[in-house]
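The values are calculated or read from the model by the stated rules, or taken from the named source; none is laboratory data. Bear in mind that the values here come from a model prediction, so they are computed numbers and not experimental data. Positions of Cβ are generated from backbone atoms using ideal geometry, with glycine treated the same way; all protein chains shown enter the neighbour counts.
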Amino acid sequence: MDQTTERQRLTSLAHGGGCGCKLAPGVLQDLLSEMPKTGPFASLLVGTETADDAAVWDLDGTTSIIATTDFFMPMVDDPHTFGRIAATNAISDIYAMGGRPIFALAIVGMPIDKMDPADIRQILAGGASICAEAGIPVAGGHSIDCPEPVYGLAVIGTCPTAHIKRNSKAKAGDTLILTKGLGIGIYSSAIKKQLLPPSAYEEMVASTTLLNSIGTEIATHPSVSAMTDVTGFGILGHSLEMARGASHSIHLDFNALPILREADTLAQQGCVTGASHRNWKSYGDSIDLPADLEDWKKHILTDPQTSGGLLIAVASDGAGEVLQKVRSAGYPLAAIVGRVETGTPRVIVEKR
């Protein structure tokens, strides 16, 4: 497990880490409620209306520009790994829209009086290494002196306009596929408490630094109707955004959800983030849970995912083919996790 003995742990410099730093869904919704609407701009295909992953601007009816930004505080102590995770997470929004990233700008806030400059360089190098894997340059950015370490990217991508995948276009009858395992926030909490086994740490890093590049390919599949990535609001929060955008209900099978190997054990030991509680408080009144669902399982459902997987809505007759494509592309935990049905926009959790 990554620990520092000669200098202060990176995670000790921040009050939270990863996508668990995000404002609670209810707080964010309230803050945005009085923001001006994004219209009338005919070329703005995707703005703030459906809480989608990125903004999309139609250039000419054929090609669209995708723009996003994402940054957070460290969830691991190794600076290079932190940079890699943050960059992977930021680029994911482009893939979640079906696009291909073309370049990134770095967002850097560091407590200069508390950190070794060598560590800051390693954070930047980690982010650049992931951008290199994605085939894009870090073309610039902005930095400030900040009380807590913050790093991320603004990312620009492109996509054929016909292949843009919104989170709001799921259709009744669609099957839902999730491409990565849940439990990243639980692992992050265990790191803070120094309870995460080395093998689980390796599993977490492998998942959070795995680019969601399959989204670019899957977006062209005729059976795929909607897509989003699962991050700070947990599988429940991002499923609910999809349900509200599509005006349908979403049914999740708890027993089908892919879960990281140690997440259930650590959740039962109390390794739960504050964001998990905030998430439930924000949207719990729109969720139906089985009466006998244990609390630790509810925390799996609300667990904030940093650089989580893609949630894909696909016509049921194409789900098997899409799932096989995803797994073959290097996402072994990908699974069918639920379905979309006609009904009130809610999320219904089942144990089938």
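The table that follows gives values for the structure above.
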item: Count of region 173-185 residues which are outside any loop (DSSP other than H, G, I, E, B) and surrounded by 24 or more Cβ atoms within 10 Å (Cβ to Cβ); result: 6
item: Members of region 314-352 that are among the polar types (S, T, N, Q) and part of a loop (DSSP other than H, G, I, E, B); result: Thr342, Thr344
item: Residue list for region 147-166, restricted to those being assigned to a loop (DSSP other than H, G, I, E, B) and within 30 Å of Asp119 (Cβ to Cβ); result: Pro147, Glu148, Pro149
item: Any chance Leu124 is in a helix (DSSP H, G or I) and not β-branched (Val, Ile, Thr); result: yes
item: Failed item, numbered, when Thr216 is tested on (1) β-branched (Val, Ile, Thr); (2) within 18 Å of Ala54 (Cα to Cα); (3) crowded, with 23+ Cβ neighbours inside 10 Å; result: (3)
item: Qualifying position, being under 15 Å from Thr158 (Cα atoms) and in a helix (DSSP H, G or I), among Ser92, Ser129; result: Ser92
item: Within region 147-172, tally of residues that are loosely packed, with under 15 Cβ neighbours inside 10 Å and modelled with pLDDT under 95; result: 1
item: Residues located in region 293-315, provided they are touching a helix residue (DSSP H, G or I) at 6+ places or on another chain (Cβ under 8 Å) and either surrounded by fewer than 16 Cβ atoms within 10 Å (Cβ to Cβ) or without any contact (Cβ under 8 Å) to a residue 24 or more places away in the chain (or both); result: Leu293, Lys298
item: Region 221-251, residues that are part of a helix (DSSP H, G or I), under 19 Å from the mean Cα position of the chain (by Cα) and either surrounded by fewer than 24 Cβ atoms within 10 Å (Cβ to Cβ) or not hydroxyl-bearing (Ser, Thr, Tyr) (or both); result: Gly234, Ile235, Leu236, Gly237, His238, Leu240, Glu241, Met242, Ala243, Arg244, Gly245
item: The listed residue being over 16 Å from the mean Cα position of the chain (by Cα), closer than 26 Å to Leu196 by Cα and buried (at least 17 other Cβ atoms within 10 Å of the Cβ), out of Ile102, Ile123; result: Ile123
item: Unique match (being buried (at least 22 other Cβ atoms within 10 Å of the Cβ), at pLDDT below 95 and either among the acidic types (Asp, Glu) or not assigned by TED's automatic domain parsing to the domain that holds Gly109 (or both)) among Ser207, Ser188; result: Ser188
item: Residues located in region 316-344, provided they are within 17 Å of Gly245 (Cα to Cα), touching a Gly at 6+ places or on another chain (Cβ under 8 Å) and surrounded by fewer than 18 Cβ atoms within 10 Å (Cβ to Cβ); result: Glu341
item: Extreme residue, nearest to Ser247 (Cα to Cα), among residues of region 268-299 that are hydroxyl-bearing (Ser, Thr, Tyr) and not in a loop (DSSP other than H, G, I, E, B); result: Ser286
